[in-house]
Amino acid sequence: MRRDSMSIDDSARLVEEVQDAIARKEPLFIRGASSKAFLGRPVAATREIDTRSHRGIVSYDPSELVITARAGTPLAELNAVLADANQMLPCELPTYGGQATVGGAVASGLAGPRRPWSGSVRDFVLGCRVVTGEGKHLRFGGQVMKNVAGFDVSRVMSGSFGCLGVVTEVSLKVLPKPRASASLVIAMQASDAMEELLAWRRAALPLSGACFIDGALHVRLEGGAGSVRAAVDRIGGDALDVRFWDDLRDQRLAFFHDPRPLWRLSLPNAAPLVELPGAVLLDWAGAQRWLKSDASEADIRAIATAAGGHATRFTPRGDGEPFHPLPAPLMHLHRQLKTRLDPHGIFNPGRMYADY
């Protein structure tokens, strides 16, 4: 079992700071490396709690396919440890230049190009430790996939943006890296690309990445050597530098340098192409559509809603809502959960929605 030599347990300080904030009724802004500070609303808090000093690999046994790390651990370091054992986090968490931390990656719930084929971040969260809104340091979940009894607080933390508690430690399921991989680029129209992707999905080709940009479909194939080789023969095209997928994951492609606001439209699988008011990059075989546009929030959200999805603004702006408004019944459930886990309302108030 491997432990990180740089491991530092600073959980006592985190618990003490939360308890003091509760006693003083002072809301907290929870931060790691702030690599995703651009996403969400400004936090209505003047007091900050920093998780970066609480770091390190707590345990890792490659044979068990589980790694446990403290929240302040740089994601790049965790990925390097897994790579040494020829393993990986399949959901391809964005590292944003190596700055992202494990806690922030789980709290944001953002996943990379492999997500439609591998699963979301919460699919790989087995358990976590959290400083709760009552100032207690509790463990939720476990380190095995069969631990499903009761309300799964550990997975609720994924995508909560720190609004429900201070995550201090996370256990994640990992998988071996694929035995073979190939990346290809094929010049074609967007409509043809969508048709091809549908056909390849029906044929069960070993896709693990599909992005359309600049008049070309970029495809990644992963799996057994035979299946990858057969898929390459069927698809054709030219070899693609594998660094493309890291650049897409961390938003380093030229597309993202466009100064216009960035939106992400999340749509149902195989949703038809719709006209969008700006520059478009299709990811996740079309289920995720990045949009650079000066169009209004109302217009963009109307398009996403009509297509059966939702739109999130990834560029800070002084007005409007970054996250798609929730239906009233679902918002009611969110507020009930917030009240239960954060009864004093001290964790990242307003980060996702007003009064949440």
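Derivation of every value follows stated rules applied to the coordinates shown; laboratory data play no part. Computed from a prediction, not measured in an experiment: that's the story for all the values here. When we count neighbours, we look across all protein chains shown, and the Cβ atoms used for this are built from the backbone with ideal geometry, even at glycine.
Here are a few things to note about the model shown:
- About the centre of its Cα atoms, segment 180-313 shows a dipole size close to 340 debye [charges on the beta carbon of Lys, Arg (+1) and Asp, Glu (-1) only; nearest 20 debye].
- All Cα-Cα separations within segment 193-269 were binned at 10 Å from zero, giving a P(r) of 15, 46, 31, 8, 1, each value a whole percent of the pairs.
- Cα pair count fraction exceeding 27 Å, expressed as % - segment 180-313: 20
- Among the listed values [x] 1.01; [y] 1.12; [z] 1.07, the one matching Cα Rg over 2.2 N^0.38 Å as calculated from this structure is [x].
- Dipole moment magnitude, nearest 20 debye, segment 1-94 about Cα centre, only Lys, Arg, Asp, Glu C-beta charged: 360
- Globularity index of segment 273-347, i.e. its alpha-carbon radius of gyration over 2.2 N^0.38 Å: 1.35
- The convex hull drawn around the Cα atoms of segment 44-107, when projected onto a plane and averaged over every direction, covers 5.1 nm².
- Segment 180-313 - percent relative contact order, Cα under 8 Å, separation 6 or more: 25
- Ordering S183, L205, L217 by the projection of their Cα atoms onto the charge dipole of segment 136-241, which places +1 on the Cβ of Lys and Arg and -1 on the Cβ of Asp and Glu, puts L205 at the extreme positive end.
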